[in-house]
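Below is one structure, written out as structure tokens; comments come after it.
The values are calculated or read from the model by the stated rules, or taken from the named source; none is laboratory data. Only a predicted model underlies this, so the values are computations on that prediction, with no experimental measurement involved. Every residue, glycine as well, gets a Cβ built from its backbone with ideal geometry; the counts of neighbours run over all protein chains shown.
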């Protein structure tokens, strides 16, 4: 039987690639849910990994291991939305919630994935503001 799907923000995916305080929780979620995410999430993951490397929070070797793990995860995820299809909705999310641009795009992509019906659909993120916005939009939070 296939695991249920959930929309994953990059903040929930990066801890699968490198050790962080949320890694244990992220792994439990990964065992429970398949990944749906938006097309640009791979860029956000690489941005996060390179930032951790540049700040010295992970070693350069760990960066390459994390990058390889991210590529493996990407092979199995379901990608939704293009920038053209979600940009307008992302602007609306910025008006509704105190989000950064990338987080508004994530929320807009999640809303596109569920066809604007978030009730009963799971949204996974470790970002506090995005979590609050997704909950207010009607998503189930884990």
* Asked: When the stretch 103-129 is examined, which residues are found to be surrounded by fewer than 20 Cβ atoms within 10 Å (Cβ to Cβ), touching a helix residue (DSSP H, G or I) at 6+ places or on another chain (Cβ under 7 Å) and within 18 Å of residue 11 (Cβ to Cβ)?
  -> 126, 127, 129
* Asked: Which helices (runs of 4 or more DSSP H) sit wholly inside the stretch 75-142 and have at least 2 residues that are modelled with pLDDT under 95 and over 14 Å from residue 41 (Cα atoms)?
  -> 83-96
* Do we have any residue at all in the stretch 45-57 that's under 21 Å from residue 78 (Cα atoms) and loosely packed, with under 13 Cβ neighbours inside 10 Å? -> no
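Suppose the filter is closer than 18 Å to residue 30 by Cα, touching a helix residue (DSSP H, G or I) at 6+ places or on another chain (Cβ under 7 Å) and in contact (Cβ under 8 Å) with a residue 40 or more places away in the chain; does residue 70 pass it? Write out each step before concluding.
Values: closer than 18 Å to residue 30 by Cα: yes; touching a helix residue (DSSP H, G or I) at 6+ places or on another chain (Cβ under 7 Å): yes; in contact (Cβ under 8 Å) with a residue 40 or more places away in the chain: yes.
When the stated conditions are applied, residue 70 passes them.
Here is a yes/no grid of residues against (1) at positive phi; (2) out of contact with any helix residue (DSSP H, G or I) (no Cβ under 9 Å at 6 or more places or on another chain); (3) in contact (Cβ under 8 Å) with a residue 40 or more places away in the chain:
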{"site": "31", "(1), (2), (3)": "no, yes, no"}
{"site": "49", "(1), (2), (3)": "no, no, no"}
{"site": "77", "(1), (2), (3)": "no, no, yes"}
{"site": "87", "(1), (2), (3)": "no, no, no"}
{"site": "93", "(1), (2), (3)": "no, no, yes"}
{"site": "99", "(1), (2), (3)": "no, no, no"}
* Structure fact -> In the stretch 5-46, anything farther than 24 Å from residue 64 by Cβ and in contact with a strand residue (DSSP E or B) (Cβ under 7 Å, 6 or more places away or on another chain) is listed as 5, 6, 7, 29, 33, 34, 36, 38
